[in-house]
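Here it is: the structure, laid out below.
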Amino acid sequence: MTRRPMRRVLVANRGEIALRIMRACRDEGLETVAVYSDADAQAPFVRAADQSVRIGPPAPAESYLRIDALIAAAQATGADAVHPGYGFLSERAAFAQAVTDAGLIFIGPPASAIVAMGDKTSARRLMAAAGVPIVPGSTKALTDPDEAAKVATKIGYPVLVKAAAGGGGKGMRIVRTPAELPGALTTASSEALKSFGDGSVYLEKYIELPRHVEIQILADQVRTIHVGERECSIQRRHQKLVEEAPSVAVSAELRERMGAAAVAAGVAVGYRGAGTCEFLLAASGEFYFLEMNTRIQVEHPVTEEVYGVDLVREQLRIASGLPMSIPEGPLVPRGWAIECRITSEDPANGLLPSAGVIQWLRAPAGPGIRWESGVESGSEGTLYYDSMLAKLIAHAPDRARAIAVMQRALQELMVVGVATNVPFHRKLLADPDFQRGDIDIQFLERRPDLMAASDDDAAIERIAIAAALLAEDQRISRRVSAPAGAANAGASASAWTQLARRDGLR
Ligand code: ADP
């Protein structure tokens, strides 16, 4: 086996995932280098690193997406490896190649595996050849409307027009009748051209009410294994909001079949490190390959909790040529884990991202709770990047208890100064359909009530503000022992206590 010892890792990312990676590095005795834009100069992940390098102004194109600046930062700080995190450059083959060409270790798959999975039609051909079930449809781009009509008739309506270079649900159109097809091909293609610089589109059968179930894989120089499934059906506009492991819809037998398909997908492209195969799971129990994400994913912690593995540590080991530390033999999930993505999306404002200073943040804690955050009290939110502030993960012996633990944590969590989607999570977790696991990828489209602002949210917001004022007053009265300060603290303490009692918060 080729060993490539690592000593210092540059993390080419920001926020919670940068911190997550740095923590794993520290556990392994590796030094860390942060890179940051001007918007992140004061961010927790920058302070957590052993060294840090400013790479440019806030706009991603001028900072986190600048391959030249990142390589220069790695060389200037003596880093010998680069971890791309998720998003930004993590799935750009050109970045993986540039890192390797500079003599550094890329903590991810070979550039060739990223290329193979990057184009959807070529990935579909590769997967079909490897025996991985794909959604019925075309395996090459369609330019001729007559040919497209023939494919659509063969697979049966409804069909989905998809962009070959797709991402984030862009360039996708559902077509329910033959008459709609020519128009959908044109609009999807021009949207794809605008978004990806490539107007190629193809057809897939539209699967009604499937679940999104994905399989985590790990591959070192000898073995490719799967680490079970995550269900990510709770999505809004193709953005995942809540994920869990395992899935209520996956039996041990189905897990092995889906796992074997994901392993075959990884082997077919010479995969190394941590990757994820996304599948649609139809109500019939059939599953279809959607795409492979060639990086660590936002929702990786739910897998870590139920399988007792550290996926980032495994990435570091595999990148330095060590074997993965996971014993041979089948892995069995222990209990249930759920993740809620806490975003700065304002329910009272059409769920648009809100910016501002987080005046006060109280993170949940206690048994079964894991908090992965990129922010703290005093952090300033920016609209330049993703609106995710933190991830809250609950782990318990079964799903019902994981929901209860998550509900307790969502009660404890308080964010003052920036509107968040916490009210949505509270409503979702209390919903009987969700509690039964009766979900699919259109669940949230049918349930706008869960996303809407309500009077309860306003009450909780008031409590949060009162609590923040109390904390502030207590700080002041500790410093100044003037009678006026003490009287103020007493007044807001009783107001807060009253409000808190009324809403069951303590
Ligand atoms: P993107 O790369 O743009 O995110 P995906 O292929 O991952 O595109 O699809 C995005 C989402 O669209 C999926 O998570 C699923 O919700 C839905 N979707 C994709 N393909 C189909 C299909 N054939 N039938 C039904 N829904 C689909």
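Only one of (1) within 29 Å of Gln235 (Cβ to Cβ); (2) surrounded by fewer than 20 Cβ atoms within 10 Å (Cβ to Cβ); (3) modelled with pLDDT under 95 is not met by Glu345, so which one is it?
(2)
Residues are listed down the side, and each one gets a yes or a no for (1) modelled with pLDDT of 95 or more; (2) closer than 13 Å to Gly273 by Cβ; (3) in the same structural domain as Ser387 (by TED's automatic domain parsing):
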site	(1), (2), (3)
Ile67	yes, no, no
Ala81	yes, yes, no
Thr100	yes, no, no
Val115	yes, no, no
Lys120	no, no, no
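Still on this structure: Given (1) within 13 Å of the ligand (Cβ to nearest atom); (2) surrounded by fewer than 19 Cβ atoms within 10 Å (Cβ to Cβ), identify the lone condition not met by Leu203.
Answer for Leu203: the failing condition is (2).
Criterion first (modelled with pLDDT of 95 or more and of a type in the set (Gly, Ala, Ser)) does Gly366 satisfy it?
Working: modelled with pLDDT of 95 or more: yes; of a type in the set (Gly, Ala, Ser): yes.
In short, yes.
Scanning for something more than 16 Å from the ligand (Cβ to nearest atom) and under 27 Å from Leu410 (Cβ atoms), does the stretch 250-269 turn up at least one residue?
Yes, the stretch 250-269 contains a residue that is more than 16 Å from the ligand (Cβ to nearest atom) and under 27 Å from Leu410 (Cβ atoms).
Now a separate question. Report, by residue number, each residue of the stretch 216-241 that is within 14 Å of the ligand (Cβ to nearest atom) and assigned to a strand (DSSP E or B). Steps first, answer last, please.
The first filter runs over the stretch 216-241 and keeps only residues within 14 Å of the ligand (Cβ to nearest atom), leaving 230-241.
Hits for the stretch 216-241 are Arg230, Glu231, Cys232, Ser233, Ile234, Gln235, Arg236, Gln239, Lys240, Leu241.
All but one of (1) buried (at least 24 other Cβ atoms within 10 Å of the Cβ); (2) within 14 Å of the chain's Cα centre (by Cα); (3) among the aliphatic types (A, V, I, L, M) hold for Val298, so report the exception by its number.
For Val298, the exception is condition (1).
Sticking with this one: Every residue in the stretch 152-187 that is more than 15 Å from the ligand (Cβ to nearest atom) and in contact (Cβ under 8 Å) with a residue 40 or more places away in the chain, please.
Correct list: Leu185 only.
In the stretch 176-194, how many are within 29 Å of the chain's Cα centre (by Cα) and over 15 Å from Gly118 (Cα atoms)? Steps first, answer last, please.
The first filter runs over the stretch 176-194 and keeps only residues within 29 Å of the chain's Cα centre (by Cα), leaving 187-194.
Going one step further and asking which of them are over 15 Å from Gly118 (Cα atoms), we end up with 187-191, 193-194.
Number satisfying all stated conditions: 7.
Go through (1) in a helix (DSSP H, G or I); (2) more than 16 Å from the ligand (Cβ to nearest atom) one by one and return the number of the condition Ala274 breaks.
Of the numbered conditions (1) in a helix (DSSP H, G or I); (2) more than 16 Å from the ligand (Cβ to nearest atom), the odd one out for Ala274 is (1).
If I filter the stretch 318-336 for residues that are part of a strand (DSSP E or B), in contact (Cβ under 8 Å) with a residue 60 or more places away in the chain and either buried (at least 21 other Cβ atoms within 10 Å of the Cβ) or of a type in the set (A, V, I, L, M) (or both), do I get at least one hit? So that I can check it myself, show each step before the final result.
Step one: list which residues in the stretch 318-336 are part of a strand (DSSP E or B), which gives 336.
With in contact (Cβ under 8 Å) with a residue 60 or more places away in the chain added as a condition, the list becomes 336.
Subsequent filtering for residues that are either buried (at least 21 other Cβ atoms within 10 Å of the Cβ) or of a type in the set (A, V, I, L, M) (or both) retains 336.
Taking every residue of the stretch 318-336 in turn, at least one turns out to be part of a strand (DSSP E or B), in contact (Cβ under 8 Å) with a residue 60 or more places away in the chain and either buried (at least 21 other Cβ atoms within 10 Å of the Cβ) or of a type in the set (A, V, I, L, M) (or both).
Report yes if some residue within the stretch 223-232 is basic (Lys, Arg) and within 22 Å of Ile114 (Cβ to Cβ); otherwise report no.
Looking through the stretch 223-232, at least one residue is basic (Lys, Arg) and within 22 Å of Ile114 (Cβ to Cβ).
Further question on the same structure: Filter the stretch 4-45 down to the residues that are of a type in the set (S, T, N, Q) and surrounded by fewer than 22 Cβ atoms within 10 Å (Cβ to Cβ) and list them by number. Lay out the reasoning, then the answer.
Looking only at the stretch 4-45, we keep the residues that are of a type in the set (S, T, N, Q), and these are 13, 32, 37, 42.
Selection gives Gln42 alone.
Of Ala165, Ala148, Ala141, Ala152, which residue is outside any helix (DSSP H, G or I) and either among the charged types (D, E, K, R) or under 11 Å from Leu203 (Cα atoms) (or both)?
Checking each option against the conditions leaves just Ala141.
Is the stretch 239-260 home to any residue that is buried (at least 19 other Cβ atoms within 10 Å of the Cβ), touching a Gly at 6+ places or on another chain (Cβ under 8 Å) and β-branched (Val, Ile, Thr)?
no
The values are calculated or read from the model by the stated rules, or taken from the named source; none is laboratory data. Treat the numbers as computed from the prediction; the structure is a model and nothing was measured. Because the Cβ atoms are built from the backbone with ideal geometry, glycine has one as well, and the counts that use them run over all protein chains shown.
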